[in-house]
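Here is the structure we will look at.
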Amino acid sequence: MTFATRYGSNGDKVSGRGQIIVQAHGSEVAFPELSYSYPLKLLSPRIVQDGVGVVYMLTYGGGLVGGDSISLSVDVQSSARLVLLSQGSTKVFKSRPGRRAAVTTSSTDAAPTKQQLDVHIADAGGLFLLPDPVTCFRAASYHQVQRFHLVRGASAALLDWYTSGRRAIGEEWVFARYHSTNEVFVDGSRVARDAMLLDGAPLNVRPLPARSLADRMGPYACYATLILYGPLVEEVVRALDVRFQAISVFQVRAPLDVLWSLSPVRGQAGRIVRVAGKTTENVKGWLKDALRGLESVVGVDVYSKAFV
Amino acid sequence: MASDDLESYILLVLSDANLPTGSFVASAGLESHVAHALFYSEGPRDAMKATLAFVRDSVGTYARSALPFARDAQRVVMDFIAQQETEPSKAIDVLMRLDALYESTALNHVVRRASRSQGVALLTLYAKGFTCPPFLAAPMDGEEDTMGMESRERDERVGALIDALKLRVRREDTYGHLPVCWGVLAGALGLSLDRGSHLHLFLHARGVLSAAIRMNALGPYAAQQLLLHGVRPIVDEEAARAAHLTSGIDLSPSGNALEDDERLPASTWPLGEILAARHDLLHSRIFNS
C-alpha cells in the first residue's frame with residue numbers, strides 16, 4: 001500500500017491517485033492491488049459474501065476542495081464483483097475550510113475539483129458503483145470524467161448523482177459548476193456517452209431577465225443518472241421496464257415528488273435511468289428500492305451498506 | 001459558399017413554416033412538461049414567460065449537446081465540395097461516425113426517435129425539393145457557360161453524396177439523426193457554418209413556439225412577439241457559445257480526458273431529459289415527442 005502526499009505549486013493543490021485490482025479465486029475475492037494517495041483513501045472492509053469485494057472511496061476531512069484532483073483506476077477481473085461505495089456524500093468546497101481564507105475569497109472563480117475514474121471489467125465480472133451523491137457547496141466547481149470499459153459478458157450498475165447544495169443553510173443550486181461525463185465502452189465500442197454540464201453563472205442574455213440554475217433545476221433538489229448493463233443487472237432491468245411501462249400520466253396538478261425516466265441504450269443491451277427528486281431522501285429511497293434486485297447479486301448484507 | 005444574395009434567399013426558403021420536415025409532430029418535450037405541471041413555475045401564471053423560459057432551457061441544452069454534430073457534419077460536406085472530390089465514400093464514412101456518436105450521446109429514446117425521423121425528412125427534402133428540375137438546369141439555346149457547368153457539376157456531386165447517405169439510412173447502416181442531416185443540408189446548400197448553426201437553433205426555437213400554439217399554451221400573436229424579441233438574443237448567444245465546441249470524433253482517445261471534455265457536447269438540462277423521455281407515458285398526447 002502506498003501513501004504519499006503531494007502538494008502543487010500553490011501549496012493547496014493536491015492530486016491523489018488510487019488503484020484497485022480485484023480478482024476472484026473460486027468464492028474468494030482478492031485485491032492484488034489496493035493503493036491510494038492523499039487526499040484519496042480506499043478501504044476494503046472484510047465481508048463474507050462469495051465472489052464480492054467492497055471498497056469505500058473516502059477523502060480526508062470528508063471533502064474535496066478547488067484544485068484537488070483525484071484519479072482512480074479499477075480493474076475488475078474475470079468473475080469478480082466489486083461494489084464501490086462512499087461514506088456520506090462527497091462534499092466539494094470552493095476552498096479548504098479555515099485555510100487561506102484571505103486568498104481564496106478574493107478570487108471569484110474557484111479552481112475546479114477534478115476526478116477521473118477509469119474502469120475495466122472482464123468477462124462475467126461486475127462493477128456496482130453506488131456512492132452517495134456529490135454535494136457542491138456555494139461557488140464550488142466540480143468536474144469528473146468516468147470511463148467504463150466492459151467486455152461482452154461483463155456487467156455494470158453505475159450511479160452518478162448530485163444534490164443542490166447545503167439546503168439546511170439555504171444553498172440551492174448556487175455552486176459554480178458541476179460537470180460530469182460517463183462513458184461506457186463494450187468491446188472497445190462506445191455504447192453511451194452521458195455528459196451533464198451545469199453552469200451556475202446565470203447566462204446573461206439581454207434584454208431577457210436573468211435565469212438562474214435554480215430556475216432550470218427546480219423544483220427538484222437532487223438528480224441521479226444510473227446506467228445499467230450486462231447479465232448481472234438483467235433482473236433489475238426487467239423490473240424497471242415493467243414499472244416504467246405501467247406509468248400513465250394524466251394531467252398532473254402539482255409537480256411529483258419523484259420523477260424518473262428510462263431509456264434503452266444501444267438496442268436493448270443496456271438502460272439509462274434518470275431520477276429527479278424534491279429531496280435527496282426522495283431519490284435515495286427510489287434508488288434503494290429500484291436496485292433491490294442487486295441483493296441477489298452482491299448479497300443482502302453488502303447491499304444494505306449502499307443508500308444508508 | 002453562396003453569395004450573400006443567394007444565402008439570404010436560401011434562408012427565406014428554409015425558414016418557410018410549411019417545409020415538410022416533420023417538425024410539426026415534435027414538441028421537444030413541451031407537451032410532457034405541461035402534463036407534469038412543470039410548465040409554470042410558482043407564482044402567477046404567465047404563458048409568455050413560461051414559454052420563453054422553456055425555449056431558453058431547450059435551446060441551451062440543444063446547442064451544447066447537438067449543435068457540435070451539425071457543425072462537424074456541415075464541415076464534412078463543405079470540405080467535400082471544396083476538395084472537388086467525386087467519390088463520396090470518404091465523406092459518408094465520417095458522417096456515419098458522427099451519426100453513431102450522436103446515437104450514443106442522445107441517451108433518450110424519444111429524442112432519438114424524433115431526431116431520426118426529422119433527419120431523414122431533411123435528406124428527402126433536399127433530394128426531392130431542393131435539387132434543380134432538369135428543364136431549368138439545361139443550358140439555354142445550347143449555349144454553355146463555365147459558371148453554369150461548374151455549379152451543375154457541384155450539384156451533381158452533392159446530390160450523389162446525399163443519395164448515398166439516404167441509401168445507408170434506408171438500409172439501416174446508419175441512423176440519419178437530425179443534427180447530422182441538418183449539417184449535410186446546410187453544407188449542400190452552401191450556407192456558411194455560422195449561418196447554418198444559427199438557423200438550426202432558430203428553427204428549433206420556432207418549433208417549440210409552434211407546438212405551444214397547437215397545445216393552446218400560447219396565442220399566435222404572443223408567439224410572434226416572443227419570436228421577434230425574445231428568441232433572437234437566445235439563439236444569438238447559444239450559437240456563439242457553441243462555436244468552439246466539437247463533436248469529438250477527431251479527438252484522440254489518449255488525450256487529456258478532462259481537458260477535452262470542456263469542448264465536448266453535454267446536456268445542460270437534466271429535467272428536460274427526464275420529461276422528454278416520459279413523453280410516451282402521457283395518457284393523451286398530440287405530439288410524437
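The values are calculated or read from the model by the stated rules, or taken from the named source; none is laboratory data. All of these numbers come straight from a predicted model, not from anything done at the bench. Glycine also receives a Cβ, built like all others from the backbone with ideal geometry; neighbour counts cover every protein chain displayed.
Numbers below:
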quantity: Condition met for A:Arg166 (over 28 Å from A:Gln77 (Cα atoms) and modelled with pLDDT under 95); calculated: yes
quantity: Residue match in the range B:262-272 (condition: touching a strand residue (DSSP E or B) at 6+ places or on another chain (Cβ under 7 Å) and without any contact (Cβ under 8 Å) to a residue 12 or more places away in the chain); calculated: yes
quantity: Residue satisfying all of: in the range B:86-105; closer than 30 Å to B:Asp280 by Cα, among the hydrophobic types (A, V, I, L, M, F, W, C) and more than 9 Å from chain A (Cβ to nearest Cβ); surrounded by the most Cβ atoms within 10 Å (Cβ to Cβ) among these; calculated: B:Leu95
quantity: Total residues in the range A:273-308, condition in a helix (DSSP H, G or I), of a type outside the set (Phe, Trp, Tyr) and away from every other protein chain (no Cβ under 14 Å); calculated: 18
quantity: In the range B:172-192, the residues that are part of a loop (DSSP other than H, G, I, E, B), farther than 13 Å from B:Leu14 by Cβ and within 14 Å of the chain's Cα centre (by Cα); calculated: B:Gly176, B:His177
quantity: Flag for B:Pro270 being surrounded by fewer than 18 Cβ atoms within 10 Å (Cβ to Cβ) and either modelled with pLDDT of 95 or more or within 7 Å of chain A (Cβ to nearest Cβ) (or both); calculated: no
quantity: Which numbered condition A:Gly200 misses (of (1) touching a Leu at 6+ places or on another chain (Cβ under 7 Å); (2) surrounded by fewer than 20 Cβ atoms within 10 Å (Cβ to Cβ); (3) at the interface with chain B (Cβ under 9 Å from one of its Cβ atoms)); calculated: (3)
quantity: Pair list, Cβ < 7 Å and 6+ apart or interchain, from the range B:123-142 residues that are in a helix (DSSP H, G or I) to residues that are at pLDDT below 90 and surrounded by 13 or more Cβ atoms within 10 Å (Cβ to Cβ); calculated: B:Leu125/B:Leu19; B:Leu125/B:Pro20; B:Leu125/B:Thr21; B:Ala137/B:Arg152
quantity: Leading residue by the ranking (nearest to A:Cys136 (Cα to Cα)) among those in the range A:214-240 that are more than 9 Å from every other protein chain (Cβ to nearest Cβ) and free of Cβ contacts under 8 Å to residues at least 40 places away in the same chain; calculated: A:Val237
quantity: Residue within the range A:193-213 that is touching a residue at least 12 places away in the same chain (Cβ under 8 Å), out of contact with any Lys or Arg (no Cβ under 9 Å at 6 or more places or on another chain) and in a loop (DSSP other than H, G, I, E, B) present; calculated: yes
quantity: Only one of B:Thr61, B:Thr86 that is under 21 Å from B:Glu153 (Cα atoms) and either out of contact with any Leu (no Cβ under 6 Å at 6 or more places or on another chain) or not in a helix (DSSP H, G or I) (or both); calculated: B:Thr86
quantity: Qualifying residue in the range B:255-264 (condition: away from every other protein chain (no Cβ under 13 Å), out of contact with any helix residue (DSSP H, G or I) (no Cβ under 7 Å at 6 or more places or on another chain) and not in a helix (DSSP H, G or I)); calculated: no
quantity: Flag if A:Ser180 is without any contact (Cβ under 8 Å) to a residue 12 or more places away in the chain, of a type outside the set (D, E, K, R) and either touching a Gly at 6+ places or on another chain (Cβ under 9 Å) or within 11 Å of chain B (Cβ to nearest Cβ) (or both); calculated: no
quantity: Test: residue in the range A:277-288 that is in contact with a strand residue (DSSP E or B) (Cβ under 8 Å, 6 or more places away or on another chain), aliphatic (A, V, I, L, M) and within 27 Å of B:Asp280 (Cβ to Cβ); calculated: yes
quantity: Among residues of the range B:73-106, those that are hydroxyl-bearing (Ser, Thr, Tyr) and out of contact with any helix residue (DSSP H, G or I) (no Cβ under 9 Å at 6 or more places or on another chain), counted; calculated: 1
quantity: Index of the failed condition, B:Val13 passing every other in (1) buried (at least 22 other Cβ atoms within 10 Å of the Cβ); (2) more than 14 Å from chain A (Cβ to nearest Cβ); (3) β-branched (Val, Ile, Thr); calculated: (1)
quantity: B:Arg285 being out of contact with any Cys (no Cβ under 6 Å at 6 or more places or on another chain), part of a loop (DSSP other than H, G, I, E, B), within 10 Å of another protein chain (Cβ to nearest Cβ) and surrounded by fewer than 21 Cβ atoms within 10 Å (Cβ to Cβ); calculated: yes
quantity: Subset of the range A:154-181 (residues that are touching a helix residue (DSSP H, G or I) at 6+ places or on another chain (Cβ under 7 Å) and surrounded by fewer than 20 Cβ atoms within 10 Å (Cβ to Cβ)); calculated: A:Glu172
quantity: Neighbours by Cβ (under 6 Å, 6+ apart or cross-chain): first from the range A:247-268, more than 7 Å from chain B (Cβ to nearest Cβ); second surrounded by 14 or more Cβ atoms within 10 Å (Cβ to Cβ) and assigned to a loop (DSSP other than H, G, I, E, B); calculated: A:Asp257/A:Lys278
quantity: Residue list for the range A:119-138, restricted to those being surrounded by 23 or more Cβ atoms within 10 Å (Cβ to Cβ) and either of a type in the set (Ser, Thr, Tyr) or more than 23 Å from A:Gly299 (Cβ to Cβ) (or both); calculated: A:Val134, A:Thr135, A:Cys136
quantity: Cβ pairs under 8 Å, 6+ apart, first in the range B:231-245 and more than 8 Å from chain A (Cβ to nearest Cβ), second exposed (fewer than 15 other Cβ atoms within 10 Å of the Cβ) and not in a loop (DSSP other than H, G, I, E, B); calculated: B:Ala239/B:Asp194; B:Ala243/B:Asp194
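To keep it simple, each residue is scored yes or no on (1) surrounded by fewer than 17 Cβ atoms within 10 Å (Cβ to Cβ); (2) closer than 30 Å to B:Gly272 by Cα; (3) touching a His at 6+ places or on another chain (Cβ under 7 Å).
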position	(1), (2), (3)
B:Leu123	no, yes, no
B:Thr146	yes, no, no
B:Met149	yes, no, no
B:Thr174	no, yes, no
B:Val184	no, yes, no
B:Gly190	no, no, no
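The rows are residues; the columns are (1) crowded, with 22+ Cβ neighbours inside 10 Å; (2) of a type in the set (D, E, K, R); (3) within 11 Å of chain A (Cβ to nearest Cβ).
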{"position": "B:Ala26", "(1), (2), (3)": "yes, no, no"}
{"position": "B:Lys49", "(1), (2), (3)": "no, yes, yes"}
{"position": "B:Val55", "(1), (2), (3)": "yes, no, yes"}
{"position": "B:Gly60", "(1), (2), (3)": "yes, no, yes"}
{"position": "B:Arg75", "(1), (2), (3)": "no, yes, no"}
